[in-house]
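So the structure is just underneath, and the comments pick up after that.
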Amino acid sequence: MNFAKLLVEGEKLTKDNFANPPKAMGVLPFWFWNGEMNEEEMIWQMKEYHAKGISGLFIHGRFGESIGYLSDTWFERTKHAVKVAKEIGIDVWVYDEMNWPSGTAYRKVSQENPKLRQKYLEMVALPVPGPLFTFLEATDDRYVNTGNSKPIVAYACSEEEFQTNLNPDTIIDLTPNLSFNAVIPWEAPKGNWRLLYFLEKEIDYYIDALNPESTRKFLDETHEKYKAAVGEEFGKVMPGFYTDEPAMHYFHVGMQNQVIPWTTQMFKIFRERRGYDLKPYLGALFLDMGERTAQIRYDFWKTLTEQYSESYYQQIREWCEENNVLFTGHLLGEEWIWMHARCEGNIFKHLKHMHITGVDHLYPIVGTKEAASQHVALKIASSAAHHYGSNQLLCESMGGTYWDCTLERMKWIANWEYVLGVTIFNNHGYHYSIEGERKRDWPPSQFYHHTWWKYYDNFVKYMSRLGHMLSAGKHIAKVLMLYPINSAWANYKPSGPDQLFNLMQSDFDYLTDLLLRLHYDFDYTDEDILAEAEVINGKIKINQEEFSVIFLPPITALQQNAFDKLYEFVSQGGTVIADTVIPSILLDAKDDNSLINIKKLFGKDPAELLKHLNNGSSFTVNKVSSIGKGSVYLFEGKGLSVEDKEADIKKLLNEIVTPDITISEEDVFYLHRVKDDYDLFFLTNTQQKNLGNVEITFEKVGTPELWNPETGEINKMHQYSVDNNRLKIFLPFDSTQSHFVIIKDELEKPFVASSNLTVTDLTNEKLIGYSKEMINKAEAKVITKDGEKKITNDAIKKLDDIKLDKSFSFEITEDNVLCIGKYKMMMENDLSNIDEVMNENYDDSNWLDVTMGAWEMQLPQERDDSTYPVTLWYRTSFEMEKVPANPRILIDGFSGKEYTMFINGKEVKDKGRRSRIDAEIKEVDVNAFVKEGKNIVAIKLVVVRRTDGMLDLLKVVGDFTLNKKENTYSIGEKVNTIVLGDWTKQGYPHYSGTGVYTTEFDLPREYLNGNLFLNVNCGEDVLEVKINDGESKIALWNPYQIDITGLVKEGKNKIELSVTNTLINMLEAVEHKSGIFEPPVIIHAPVYEIKI
């Protein structure tokens, strides 16, 4: 709990603990319990966590676990993990579910308690041409989707009303007609009618999250049992729980249909919370019902949000607090307003209950102009953390980034997450085993399996510095944006979004991305938080933050109390910017003057703006002569996401608010925080491309320091200027590069306002710097206490670059791999000569050609008798030009009850030992079975399910080189010399690991007079450089430029360049380009020392 306490509270920032950051601020991964969970293996893996500087982990039951989730064995292993964790000094958290989503205790709650199964309400709308007698049954789906349901209400309306507006005064209530418990008989009069049948249905795979008893049962089955198992270490070594993607609605969430969340006592709950009956207005949740539609929908979804938040999140929070543990996790569908409305409600309400605010971000993508919604989840979560006073924001990250994931890719994604407010990197995930199909469970595993794991402590330390710097303290932003969930509810129809809903969603996303690119950071707020905020001197104050501008995306409805706060804000001098559509309705209005007050604040009739939208009017920016000291601006037209008026918005923002920062590249994002005694800016390149030198200006003027998150080094910046009362600096931004800039309160002198040198030191007496480029003269403008001084120095000769283009010796540090993905397969029952199947000369030409994967799914037709077990035979082959010294086969993906392997007709009885790569992938010595020439592998496999079979590539490993013959590879004698370029084309197509290039170069004496930099092109893999057997220099990512000054000597120098690629080559036989792709270059940079 020591680490967990630090997570919640943060630690005071000092220069010393920036260099050596608190481990608790680094990464907090999911440990996928997906195997046999051998106790000795668990100890080894947990020590790997500790060795890499990881302070804690989440136990997470996943596909493939074989000890029984929540069984006695499960809790015995949990106690073992806690005991080991206490001994080695890490925390063991709990992910509260098997797989996901949370809430069911692996579906036990819903399956054993039918009344706690999730309910939903479906409207079945049946056209009825009258006069006609109908007899609509809710017993099955013969005619329409009425089966397996409980009738709740039945109405009839005219077809015209159905297509336009339901009238609660004229709608016909057919509910009293309910007969035989499930039938609505009705004699429809003449005319075209709609019979609206509202049916309660349920699913057995998820809980009724609106019923607090469901959560109570879930807590009994999970949290209480962990508490009992762990004993006195509960709340200490085991500090808390993570909940993952619960929802109040989990039926066809990705579809558009006539379905909404429901619970058994919905009408009672609604009456108690809202004070009126929902039943007469039920149709308004699916169709339009005149002027009251927005209020009814708002009331319903607000009721759901409150009920769900209290039943699930609040109840778990309270249980955790009663038991001295912490609560964190994240929600479903956080990126999209549509999903919020459909499945979660107002997510601010739920995040409020977490001790550590949480969010998730999956896949190898970040937010961009084209994918603006990717920003939304992170900004909502960070805004909630700011508003509710949470010092941390945890982000589940990296799931689905696949096996070619590099440390640079991880850094790229992490930087983007952290610049949007994340502080804890929750890796998804670290697999206990990746044997067989488990390697396809949301890859990659970022654990010991991976080639770059040996360097992972460097990545953890980098993440720890980010987390330490960016947690706690105060977020600085001047802009606030309204989270439009209430308007989403007012316009929500489960059958699909209309034009206004789509505009609201797309403009909300557009504004989110645009403000980030214009470098006006912001927070979101919901209307309740806004209504409770203070207005002080024309600024909105929420918790520690103050905002002078509020952006309103297109909204059609606004809470009365939020409107009142906007009115007060503008009256005192604040600025409101409204986009395209303004509210026409005040929700929970206190009188009948809503429209009058709206027109007074916004200076426009909402109907007029809607008319402009529908007519496709041209874009305009109008300033309203509004109330009091403030201003209201209206964007009119077709919507900002359609118009894309970036320049107009930038111009307006620059006029009404002084930018905290300006950045010349839109893809460089920033985050400004004040922590302890430090005013800090985090800046990062959100793209995987070199942006060169970028100009940055700050509103605050003072002496800047550069804090390097990769090395922990802190350096005073010597080169900057002050223009127009703004501090100006230039920083390089290579692919994914990041910087911390700390600005002191005083502007210290001397400083260099401009120079063609990279200045490394500056005193009152002299300037020291270097240039990697050829210059005619060294020049600098220095601002001293006595004024401006221009200093120069004659050029020092820049020596030619040294290309390391000689031949390199080449060694691999792990086994080379031959991957085989094609098999012949036959069921044993279809064979007549079983005793000959394993022989070399057996004719398998009439067997089925298959690839790795589920055996039965590759059959050309169904089996007559789908019983198990089934005995299968697989055959494949490989060529050996020369038998290597230590050939082995990895037993990976031999999925079934048992297997027997034969090589060249001989049974391999050894079942293998733990392989280097994985706890449950075994390796078998085959030296006694293989030969030069063709080798036949036959595998007898007893399968017990249709997705068994040879699920993976057959992998032959050892010390060899592969030679390509047509479309296949053969195993040949190892080659120790290769040319620079892709090593997959030079005998190592399936190799995943480290390749070590070694050569020598001569360095003339004159090169020692200056700085020396080594440039290497190895894509985005890890580079390790060792010169003259000295200390290693490691570059985890771009830029691969190493300062080798002081590491080299006159004359001959030995250099080792180690490149580590990813597991994609080995696991998927993808020949992913790997190695050093062009001659490394040593760059000479003359050093200048100029007197001032």
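Restricting to the stretch 386-414, count the residues that are within 15 Å of residue 673 (Cβ to Cβ) and either touching a Ser or Thr at 6+ places or on another chain (Cβ under 7 Å) or part of a loop (DSSP other than H, G, I, E, B) (or both).
To start, the set of residues in the stretch 386-414 that are within 15 Å of residue 673 (Cβ to Cβ) comprises 386, 389-393.
If we keep only those that are either touching a Ser or Thr at 6+ places or on another chain (Cβ under 7 Å) or part of a loop (DSSP other than H, G, I, E, B) (or both) too, we end up with 389-393.
The total comes to 5.
Those residues that are modelled with pLDDT of 95 or more, of a type in the set (D, E, K, R) and within 23 Å of residue 432 (Cα to Cα), I need them from the stretch 11-46; list them, please.
Residues satisfying the conditions are 36, 39, 40, 41.
Kindly list the number of the only condition in (1) surrounded by fewer than 23 Cβ atoms within 10 Å (Cβ to Cβ); (2) at pLDDT 95 or above that fails for residue 537.
(2)
Can you pull out the residues in the stretch 37-53 that are among the aliphatic types (A, V, I, L, M) and in a helix (DSSP H, G or I)?
As a first pass, look at the stretch 37-53 and keep what is among the aliphatic types (A, V, I, L, M): 37, 42-43, 46, 51.
42, 43, 46, 51 - these are the residues of the stretch 37-53 that are among the aliphatic types (A, V, I, L, M) and in a helix (DSSP H, G or I).
Among the residues of the stretch 238-263, write down those that are farther than 23 Å from residue 315 by Cα, outside any strand (DSSP E or B) and not aromatic (Phe, Trp, Tyr). Full working, then the answer.
Step one: of the stretch 238-263, the residues farther than 23 Å from residue 315 by Cα are 251-260.
Okay, now just the ones that are also outside any strand (DSSP E or B), so 251-258.
Residues satisfying the conditions are 252, 253, 254, 255, 256, 257, 258.
I'd like to check something: does the stretch 370-384 contain any residue that is buried (at least 24 other Cβ atoms within 10 Å of the Cβ), outside the structural domain of residue 666 (by TED's automatic domain parsing) and of a type in the set (Ser, Thr, Tyr)?
The answer is yes; a qualifying residue exists.
Can you tell me how many residues in the stretch 983-1009 are surrounded by fewer than 21 Cβ atoms within 10 Å (Cβ to Cβ), in contact with a strand residue (DSSP E or B) (Cβ under 6 Å, 6 or more places away or on another chain) and in a loop (DSSP other than H, G, I, E, B)?
The qualifying residues number 1.
Residue 429 is checked against (1) buried (at least 24 other Cβ atoms within 10 Å of the Cβ); (2) modelled with pLDDT of 95 or more and fails just one. What number does that condition carry?
That leaves (2) as the condition not met.
The rows are residues; the columns are (1) in contact with a helix residue (DSSP H, G or I) (Cβ under 9 Å, 6 or more places away or on another chain); (2) surrounded by 21 or more Cβ atoms within 10 Å (Cβ to Cβ); (3) of a type in the set (S, T, N, Q).
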position	(1), (2), (3)
9	no, no, no
21	yes, yes, no
32	yes, yes, no
40	no, no, no
46	yes, yes, no
49	yes, yes, no
65	yes, yes, no
99	no, no, yes
104	yes, yes, yes
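Give, as residue ranges, the strands (runs of 3 or more DSSP E) completely inside the stretch 109-220 that count at least 2 residues that are surrounded by fewer than 14 Cβ atoms within 10 Å (Cβ to Cβ). I'd like the intermediate steps shown before the answer.
On the way: elements: 117-137, 150-158, 183-207.
In the stretch 109-220, the matching strands (runs of 3 or more DSSP E) lie at 117-137, 183-207.
Condition (residue is outside the structural domain of residue 223 (by TED's automatic domain parsing) and over 20 Å from residue 588 (Cβ atoms)) applied to the stretch 315-328: is it met by at least one residue?
In the first step, residues of the stretch 315-328 are kept if they are outside the structural domain of residue 223 (by TED's automatic domain parsing); the result is none.
No, every residue in the stretch 315-328 fails to be outside the structural domain of residue 223 (by TED's automatic domain parsing) and over 20 Å from residue 588 (Cβ atoms).
What residue, among those in the stretch 730-783 that are basic (Lys, Arg) and closer than 26 Å to residue 462 by Cβ, is farthest from the chain's Cα centre (by Cα)? Don't jump to the end; show me each part of the working.
Taking the stretch 730-783 first, the residues basic (Lys, Arg) are 744, 749, 766, 772, 777, 781.
Next cut, closer than 26 Å to residue 462 by Cβ only: 744, 772.
Working: 744: 34, 772: 38 Å.
The extreme case among them is 772.
Take the conditions at pLDDT 95 or above, surrounded by fewer than 23 Cβ atoms within 10 Å (Cβ to Cβ) and not in a helix (DSSP H, G or I) and apply them to residue 444. Does it pass?
On the way: at pLDDT 95 or above: yes; surrounded by fewer than 23 Cβ atoms within 10 Å (Cβ to Cβ): no; not in a helix (DSSP H, G or I): yes.
It is false that residue 444 is at pLDDT 95 or above, surrounded by fewer than 23 Cβ atoms within 10 Å (Cβ to Cβ) and not in a helix (DSSP H, G or I).
Go through the stretch 852-894 residue by residue and tally those that are assigned to a strand (DSSP E or B) and either within 21 Å of residue 831 (Cβ to Cβ) or among the aliphatic types (A, V, I, L, M) (or both).
Here is the first cut: in the stretch 852-894, the residues assigned to a strand (DSSP E or B) are 870-880, 888-891, 894.
Now narrow it down to the ones that are either within 21 Å of residue 831 (Cβ to Cβ) or among the aliphatic types (A, V, I, L, M) (or both): 870-877, 880, 889-891, 894.
Counting residues in the stretch 852-894 that are assigned to a strand (DSSP E or B) and either within 21 Å of residue 831 (Cβ to Cβ) or among the aliphatic types (A, V, I, L, M) (or both) gives 13.
Pull out all pairs, ordered by first then second residue, where Cβ-Cβ is under 7 Å, the residues are six or more apart or on different chains, the first lies in the stretch 820-836 and is under 17 Å from residue 870 (Cα atoms), and the second is outside any loop (DSSP other than H, G, I, E, B) and acidic (Asp, Glu).
Listed by first residue and then by second, the contacts come to 824/849; 834/828.
If only one of 974, 964, 931, 955 is surrounded by fewer than 23 Cβ atoms within 10 Å (Cβ to Cβ), in a strand (DSSP E or B) and among the basic types (Lys, Arg), which one is it?
964
Give just the number: which of (1) out of contact with any Phe, Trp or Tyr (no Cβ under 6 Å at 6 or more places or on another chain); (2) in the same structural domain as residue 29 (by TED's automatic domain parsing); (3) within 20 Å of residue 117 (Cα to Cα) does residue 238 not satisfy?
The failed condition is (3).
Scanning for something hydroxyl-bearing (Ser, Thr, Tyr), more than 35 Å from the chain's Cα centre (by Cα) and either in the same structural domain as residue 409 (by TED's automatic domain parsing) or over 30 Å from residue 403 (Cβ atoms) (or both), does the stretch 971-994 turn up at least one residue?
Keep residues of the stretch 971-994 that are hydroxyl-bearing (Ser, Thr, Tyr), which gives 977, 984, 988, 991-992, 994.
Narrowing the set further to residues that are more than 35 Å from the chain's Cα centre (by Cα) leaves 977.
Add one more test, that the residue is either in the same structural domain as residue 409 (by TED's automatic domain parsing) or over 30 Å from residue 403 (Cβ atoms) (or both), and what stays is none.
Looking for residues that are hydroxyl-bearing (Ser, Thr, Tyr), more than 35 Å from the chain's Cα centre (by Cα) and either in the same structural domain as residue 409 (by TED's automatic domain parsing) or over 30 Å from residue 403 (Cβ atoms) (or both), one finds none in the stretch 971-994, hence no.
Scanning the stretch 241-300 for residues that are in contact (Cβ under 8 Å) with a residue 60 or more places away in the chain and of a type in the set (Ser, Thr, Tyr), which turns out nearest to residue 488 (Cα to Cα)?
Of everything passing the filter in the stretch 241-300, 298 is nearest to residue 488 (Cα to Cα).
Within the set of pairs 6+ apart or on separate chains, which have a first residue in the stretch 1005-1021 that is touching a residue at least 40 places away in the same chain (Cβ under 8 Å), a second that is in a helix (DSSP H, G or I) and surrounded by 18 or more Cβ atoms within 10 Å (Cβ to Cβ), and C-beta atoms under 6 Å apart?
What qualifies is 1020/408.
Take the stretch 416-438 and flag every residue that is of a type outside the set (Gly, Ala, Ser) and part of a loop (DSSP other than H, G, I, E, B). Break it down stepwise before answering.
Of the stretch 416-438, the ones of a type outside the set (Gly, Ala, Ser) are 416-420, 422-428, 430-432, 434-435, 437-438.
Scanning the stretch 416-438 gives 420, 422, 423, 428, 432, 434, 435.
Would it be correct to say that residue 680 is surrounded by 18 or more Cβ atoms within 10 Å (Cβ to Cβ), among the aliphatic types (A, V, I, L, M) and within 32 Å of the chain's Cα centre (by Cα)? Outline the logic, then answer.
Values: surrounded by 18 or more Cβ atoms within 10 Å (Cβ to Cβ): yes; among the aliphatic types (A, V, I, L, M): yes; within 32 Å of the chain's Cα centre (by Cα): yes.
In short, yes.
For residue 523, state whether it is within 20 Å of the chain's Cα centre (by Cα) and either surrounded by 23 or more Cβ atoms within 10 Å (Cβ to Cβ) or among the hydrophobic types (A, V, I, L, M, F, W, C) (or both).
Working: within 20 Å of the chain's Cα centre (by Cα): yes; either surrounded by 23 or more Cβ atoms within 10 Å (Cβ to Cβ) or among the hydrophobic types (A, V, I, L, M, F, W, C) (or both): yes.
Yes; evaluated as a whole, the condition is true for this residue.
I need the full set of residues from the stretch 895-922 which are in a loop (DSSP other than H, G, I, E, B) and of a type in the set (A, V, I, L, M, F, W, C), in order please.
So the first thing to find is which residues in the stretch 895-922 are in a loop (DSSP other than H, G, I, E, B), and the list is 896-897, 904-905, 909-912, 915-921.
Listed by number, the residues that qualify are 917, 919, 921.
Of all residues in the stretch 791-838, how many are in a strand (DSSP E or B) and within 26 Å of residue 1009 (Cβ to Cβ)? It would help to see each step written out before you state the result.
Filtering the stretch 791-838 down to residues in a strand (DSSP E or B) leaves 791-794, 802-803, 808-812, 816-820, 822-827.
Those left that are additionally within 26 Å of residue 1009 (Cβ to Cβ): 791-794, 802-803.
Residues meeting the conditions: 6.
Kindly establish whether residue 328 is touching a residue at least 60 places away in the same chain (Cβ under 8 Å) and either crowded, with 24+ Cβ neighbours inside 10 Å or in a loop (DSSP other than H, G, I, E, B) (or both).
Details: touching a residue at least 60 places away in the same chain (Cβ under 8 Å): yes; either crowded, with 24+ Cβ neighbours inside 10 Å or in a loop (DSSP other than H, G, I, E, B) (or both): yes.
Yes.
Looking at 479, 460, can you tell me which residue is surrounded by fewer than 24 Cβ atoms within 10 Å (Cβ to Cβ) and within 30 Å of residue 1068 (Cβ to Cβ)?
460
Please go through the stretch 1-36 and pick out each residue that is part of a helix (DSSP H, G or I), of a type outside the set (Phe, Trp, Tyr) and within 26 Å of the chain's Cα centre (by Cα). Steps first, answer last, please.
Narrowing the stretch 1-36 to residues part of a helix (DSSP H, G or I): 2-9, 15-19, 23-25.
Restricting the remaining residues to those that are of a type outside the set (Phe, Trp, Tyr) gives 2, 4-9, 15-17, 19, 23-25.
Within the stretch 1-36, 4, 5, 6, 7, 8, 9, 23, 24, 25 meet the criteria.
List the pairs whose first member sits in the stretch 687-716 and is within 18 Å of residue 517 (Cβ to Cβ), whose second member is among the small types (Gly, Ala, Ser), and whose Cβ atoms are under 6 Å apart, counting only residues at least 6 apart or on separate chains?
Matching pairs, first to second residue: 688/735; 689/735; 694/664; 695/664.
The values are calculated or read from the model by the stated rules, or taken from the named source; none is laboratory data. Everything quoted here is computed from the prediction, not taken from an experiment. Here the Cβ is made from the backbone with ideal geometry for all residues, glycine too, and neighbour counts use every protein chain on show.
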